[in-house]
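Colleague: Below is one structure. I have some questions about it.
The values are calculated or read from the model by the stated rules, or taken from the named source; none is laboratory data. As the structure is a prediction and not an experimental result, all values here were calculated from the model. Reconstructed Cβ throughout: ideal geometry from the backbone, glycine too, with neighbour counts over all protein chains shown. Only protein heavy atoms, including side chains, enter the accessible area calculation; ligands, DNA and RNA are left aside. Shrake-Rupley method; radii C 1.70, N 1.55, O 1.52, S 1.80 Å.
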Amino acid sequence: MIGEYLRVTAAELERAIQDPDWALDLVEEVQDAEEQSEPTPAEARHFSTYKTWDLLRFLLARAEFPVNVIHGEQPFAEDDDWGYGPPSYLRPERVRLAAQALRTITYDQLISDVDPSELTRAEVYPLGWDEPRSLDWGRHRYEGLAHYFQAAAAADDAILVWLD
């Protein structure tokens, strides 16, 4: 299971909501194009937290993060399955709020006082939280997610969110 994101303009978001097949085609087109160019998270339209999505979900929930950046907040294409269920989205104002919060919470703050055994007990995907250094696994993805959201907020973009 992999956490996936796609930055879209307000017009693209409205079209995606009305035509989920078009949105999925757009996702594939952007993924293919960026696979070749490998943009930084701040430059990318597509971003992935890969398998760290559930670790980040756990840490952000523990920190009472104000926006659900892991699953999105508004489902659409509810009859479609984009891998592990239907996609969701975050409107530009929620992207801005998330970007602001991501700027103020460091990864070190998220993992402070977390015992890896908490993740095992909570069955955080993927399992295997036996070593104290296992918490560092999500650092790079969290930092990338913060840059990605900051760029999306600066562009006044919405974000599609799904698990693949």
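Colleague: Hey, can you find the accessible area per residue of segment 6-133 for me, probe 1.4 Å, expressed in square angstrom?
Modeller: For segment 6-133, the per-residue accessible area is 57 Å².
Colleague: Give me the percent of Cα-Cα pairs in segment 46-141 that sit more than 21 Å apart, rounded to a whole number.
Modeller: Cα-Cα pairs of segment 46-141 separated by over 21 Å account for 37 percent.
Colleague: Segment 22-110: which trypsin sites (Lys or Arg not before Pro) are DSSP loop and have at most 15 other beta-carbon atoms within 10 angstrom?
Modeller: Passing sites in segment 22-110 are Lys51.
Colleague: Working out 0.36 nm times the residue gap between Thr104 and Ala10, then minus their Cα-Cα distance, what length gain in nm do you get to one decimal?
Modeller: 31.2 nm
Colleague: Tell me what the chain gives for mean residue ellipticity at 222 nm when only DSSP H runs of n ≥ 4 count, each as -39,500 (n - 2.57), the sum divided by the residue total, rounded to 500 deg cm²/dmol. Show your work: numbers first, answer last.
Modeller: Values: 7 runs with 77 residues, N = 164.
Helices in the chain give a 222 nm mean residue ellipticity of -14000 deg cm²/dmol.
Colleague: A further question follows. Taking 0.36 nm per residue of separation and subtracting the Cα-Cα distance, what length does fully extending Leu127 through Glu78 add?
Modeller: 14.8 nm
Colleague: Along Cα→Cβ, 7 Å out, is where each label goes; now give me the distance between the ones at Glu43 and Glu29 in nm to one decimal.
Modeller: Between Glu43 and Glu29, the label points sit 2.1 nm apart.
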